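Report on one structure; see the data block that follows.
The values are calculated or read from the model by the stated rules, or taken from the named source; none is laboratory data. No experiment lies behind these values; they were computed from the predicted model shown. Neighbour counts run over all protein chains shown; Cβ positions are idealised from the backbone, glycine included.
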Ligand SMILES: [Zn+2]
């Protein structure tokens, strides 16, 4: 993956209007930002993250595009907290891992990883309506997703249906070593147990939300299509969480 300019991403964050931008922390010289929309304490908040893996550019691009367009009418039901890029060093250097060569996504337990500290501080004592994490897969022939949920109806099938006109789907029976159905991976209890305490998504689902969706776009596709696929998936999840859907 070619290196990308994090300065350019910072400029795009700073240029956003109608949102609140907050610096959550610093990794070396790179700031990690949160972009907030809506501030009604009566409403639940959705957490949306991108760029946990630095070499998956559609995630940050999709989060930024969502922040640029604005949540609009969705704010009648939800507040939004978005982290455009959790791994700025990886983003700037085109690497999956951070500057310590750590895969942030699976390092929640570690006390010496600044990106993990940012997540821990942000989510401490909070619950989210849902958490959505945008990823990409360099080897996948199509879009797929992971969904974890309790006390609610899953939306994975609906996401696949809405994304299919935009982007090919990965319908292989096994994806990343896990059983999949129609591009949807619902991790087994064993897998969940294996990653408990270590996986950021697993920790978020265990302690901070009842609904977690991780989307994976195929990196071979154009960036525009990948962003469109991510935002379409977000749309399906948001719609399921708006008061009108319940
Ligand atoms: Zn990833």
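A few notes on this one:
- Residues that are out of contact with any strand residue (DSSP E or B) (no Cβ under 7 Å at 6 or more places or on another chain) and either in contact (Cβ under 8 Å) with a residue 60 or more places away in the chain or on the phi > 0 side of the Ramachandran plot (or both), drawn from the stretch 169-183: 176, 177, 182
- Of the residues 159, 166, 200, 186, the single one that is free of Cβ contacts under 8 Å to residues at least 60 places away in the same chain and surrounded by 16 or more Cβ atoms within 10 Å (Cβ to Cβ) is 186.
- Qualifying residue in the stretch 134-144 (condition: touching a helix residue (DSSP H, G or I) at 6+ places or on another chain (Cβ under 8 Å), more than 30 Å from residue 26 (Cα to Cα), modelled with pLDDT of 95 or more and within 16 Å of the ligand (Cβ to nearest atom)): yes
- Pairs are defined by a Cβ separation below 6 Å, a sequence spacing of at least 6 or placement on different chains, a first member in the stretch 51-65 that is more than 16 Å from residue 102 (Cβ to Cβ), and a second member that is more than 13 Å from the ligand (Cβ to nearest atom) and in a loop (DSSP other than H, G, I, E, B); the pairs so defined are 60/84; 63/84; 64/84.
- Entirely in the stretch 110-210, the helices (runs of 4 or more DSSP H) that have 1 or more residues that are under 29 Å from residue 43 (Cα atoms): 114-123, 156-163, 200-207
- Scanning the stretch 117-124 for any residue that is at pLDDT 95 or above and within 16 Å of the ligand (Cβ to nearest atom) turns up at least one such residue.
- Residue within the stretch 13-30 that is part of a helix (DSSP H, G or I) and either within 16 Å of the ligand (Cβ to nearest atom) or touching a helix residue (DSSP H, G or I) at 6+ places or on another chain (Cβ under 9 Å) (or both) present: yes
- Of the residues screened, residue 229 is one that is surrounded by 14 or more Cβ atoms within 10 Å (Cβ to Cβ), touching a helix residue (DSSP H, G or I) at 6+ places or on another chain (Cβ under 7 Å) and within 23 Å of residue 70 (Cβ to Cβ).
- Residue 102 fulfils the conditions (1) within 15 Å of the ligand (Cβ to nearest atom); (2) surrounded by 16 or more Cβ atoms within 10 Å (Cβ to Cβ); (3) within 26 Å of residue 235 (Cα to Cα) except for a single criterion, (3).
- Index of the failed condition, residue 198 passing every other in (1) in contact with a helix residue (DSSP H, G or I) (Cβ under 8 Å, 6 or more places away or on another chain); (2) at pLDDT 95 or above: (2)
- Once the stretch 81-96 is narrowed to residues that are in a loop (DSSP other than H, G, I, E, B) and out of contact with any helix residue (DSSP H, G or I) (no Cβ under 6 Å at 6 or more places or on another chain), the residue that is nearest to the ligand (Cβ to nearest atom) is 96.
- Residues considered: 7, 23, 11. Of these, the only one that is in contact with a strand residue (DSSP E or B) (Cβ under 6 Å, 6 or more places away or on another chain) and without any contact (Cβ under 8 Å) to a residue 12 or more places away in the chain is 23.
- Residue in the stretch 115-133 that is over 21 Å from residue 230 (Cβ atoms) and over 19 Å from the mean Cα position of the chain (by Cα) present: yes
- Entry remark, the stretch 37-80: residues being in a loop (DSSP other than H, G, I, E, B) and either within 13 Å of the ligand (Cβ to nearest atom) or crowded, with 24+ Cβ neighbours inside 10 Å (or both) number 7 in total.
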